[in-house]
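Input: a single structure, listed below in structure tokens.
The values are calculated or read from the model by the stated rules, or taken from the named source; none is laboratory data. Nothing here was measured: the structure is a model prediction, and the numbers come from that model. Here Cβ is always computed from backbone atoms with ideal geometry, including for glycine, and neighbour counts include all displayed protein chains.
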Amino acid sequence: MNRRLGVLISGRGSNLQALIDATRDGRLDASIAVVISNRADAVGLERARRAGIEALCIDHRASPSRDEHDRAVARELGARGVGLVCLAGYMRLIGAPLLDAFPNAILNIHPSLLPAFPGVDAQRQALEHGVKVTGVTVHLVTSELDNGPIVIQRTVEVMDDDTPDILGARILVEEHRAYPEAVRTMLDGGWRVEGRRFVRSVNAASA
Ligand code: GAR
């Protein structure tokens, strides 16, 4: 898999920052070719520019349809030779034009142990359900929200006095570790998808 990443964001971009840091300090042998946000006010765009990475806004409201927006995003990623797309707080469903352009090559990070608590406010959902353990999932993206074969999961303990923000901050620490690791796993190869399962060959898993 080619090691040029495209990162899609909608907001703060702390996971984008974790990926930037990992590519700069040698933990991740990859380069970020472009960062694309669907919102002009995403703080993450500024993080990218500060790091000298090309940063674009492709506003979904300017496209006549979801497919047109996805096509525009796919075009920009393709023009920059991106091999792996990382959704990092990108709050949009991904449609066929983008999925078809990057088969099994789009990752998403989500702040829960999927399939528990998909969608928005995963941390609040976990607290309200009363689970004792939650965590982080990095998975391949399919047409269904927060679905798709799971590449990596990390657990985070839930404390009795947690609020969504306090729990979210602890989950975020794990997100920032898990995302570069999942990207490395994808780029190193030696994996296959069997039905819902992301399976690593013995050699890749022990590397
Ligand atoms: C992260 O917690 C990420 O897991 C979540 O949005 C946040 C973005 O933060 N994504 C989802 O909930 C996707 N369903 P960031 O912009 O600081 O990386």
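The table for this structure:
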{"quantity": "Odd one out for Gly148, checked against (1) without any contact (Cβ under 8 Å) to a residue 40 or more places away in the chain; (2) in a loop (DSSP other than H, G, I, E, B); (3) not β-branched (Val, Ile, Thr)", "calculated": "(1)"}
{"quantity": "Among (1) touching a strand residue (DSSP E or B) at 6+ places or on another chain (Cβ under 6 Å); (2) surrounded by fewer than 17 Cβ atoms within 10 Å (Cβ to Cβ); (3) small (Gly, Ala, Ser), the one test that Ala182 misses", "calculated": "(2)"}
{"quantity": "Per-region count, the range 4-32, residues of a type in the set (Lys, Arg) and either buried (at least 18 other Cβ atoms within 10 Å of the Cβ) or touching a Pro at 6+ places or on another chain (Cβ under 7 Å) (or both)", "calculated": "1"}
{"quantity": "Residue check for Ala88: modelled with pLDDT of 95 or more and either over 27 Å from Gly189 (Cα atoms) or not hydrophobic (A, V, I, L, M, F, W, C) (or both)", "calculated": "no"}
{"quantity": "Qualifying position, being more than 16 Å from the ligand (Cβ to nearest atom) and in contact (Cβ under 8 Å) with a residue 12 or more places away in the chain, among Phe117, Phe102", "calculated": "Phe102"}
{"quantity": "Near pairs, Cβ below 6 angstrom, 6+ apart or cross-chain, from the range 1-14 (of a type in the set (Ser, Thr, Tyr)) to any residue that is near the ligand (Cβ under 7 Å from one of its atoms)", "calculated": "Ser10/Gly89; Ser10/Met91"}
{"quantity": "Any strands (runs of 3 or more DSSP E) falling wholly within the range 1-94 and containing at least 1 residues that are over 12 Å from the mean Cα position of the chain (by Cα)", "calculated": "4-9, 31-37, 55-57"}
